[in-house]
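The values are calculated or read from the model by the stated rules, or taken from the named source; none is laboratory data. Just so we're clear, the structure is a prediction, and the values are computed from it rather than from any experiment. Accessible surface areas use protein heavy atoms only, side chains included; no ligands, DNA or RNA. Shrake-Rupley method; radii C 1.70, N 1.55, O 1.52, S 1.80 Å.
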Amino acid sequence: MAGWEPSNLIVLFEIMSALTDNRPTAETANPETQTPETQTILTVEEIHKLLPHRYPFALVDRIIEYVPGKKAVGIKNVTFNEPHFQGHFPGRPLMPGVLIVEAIAQVGGIIMTQMPNIPKGLFIFAGIDKVRFRRPVVPGDRLVLTAEVIKVKSRFGKMQGYAEVDGQRAAEGELLFSLLEE
């Protein structure tokens with residue numbers, strides 16, 4: 001083929017790859033090469049395959065960073081039409097702190113459900129320690145939720161979690177998990 005040298009084929013391959021959806025999954029993502037602003041590592045559909053939560057308790061819209069067995073960062077877009085805002089509080093909607101903590105825990109669940117050598121089952125709260133709420137979360141906010149593994153032992157896990165809005169800490173605490181085997 002005239003004009004088709006190996007270097008041209010490489011360029012064509014790169015263009016074709018860019019046009020197809022080669023979104024990384026949690027298993028294939030390399031955190032050193034990902035930029036959280038542009039890369040979705042897990043979509044909401046992929047999150048639903050890993051976590052049992054559904055509306056209105058599915059509180060993570062996507063995972064933007066994932067380090068297997070160590071850390072996950074997720075996004076929760078806070079919208080006015082969420083059911084808790086009808087009564088918390090009329091005229092001044094604030095996201096309940098317990099739901100912020102639950103959203104952090106769901107990001108932690110992404111880590112726990114994919115850890116090797118851990119039995120399959122449902123991870124539930126075993127405890128919540130040192131939780132502090134630093135600023136209100138309101139409709140229109142974008143919560144950036146981070147969970148980092150402190151320790152995993154057999155059927156139990158401990159994580160440090162925090163939520164931020166516009167770079168400001170909204171909540172933080174230690175979350176303890178226990179596994180209910182299937």
Would you mind calculating the relative contact order of the stretch 63-105 from Cα pairs under 8 angstrom and at least 6 residues apart, reporting the percent as a whole number?
22
Calculate what fraction, in whole %, of the accessible area of the stretch 49-182 sits on carbon and sulfur atoms when a 1.4 Å probe is rolled over the protein chains.
54
Row for the stretch 130-182, column shape: gyration tensor on C-alpha, a ≥ b ≥ c, rounded if a/c < 1.5 i.e. under 1.5, prolate if a/b over b/c, else oblate; value prolate
Run the numbers on the stretch 75-169 and let me know its relative contact order in percent, using alpha-carbon pairs under 8 Å that are six or more apart.
35
Per-residue ³J(HN,Hα) for the stretch 63-80, Karplus 6.51 cos²θ - 1.76 cosθ + 1.60, θ = phi - 60°, Hz, x for Gly and Pro
10, 10, 8, 8, 10, x, x, 10, 7, 9, 10, x, 10, 10, 8, 8, 10, 5
What's the center-to-center distance, using Cα atoms, between the stretch 144-182 and the stretch 41-60 in Å?
17
Enter the accessible area per residue of the stretch 111-155 (Å², integer; probe 1.4 Å; all protein chains in place).
62
Quick check: convex hull of the Cα atoms in the stretch 37-84, volume per residue, rounded to a whole Å³?
94
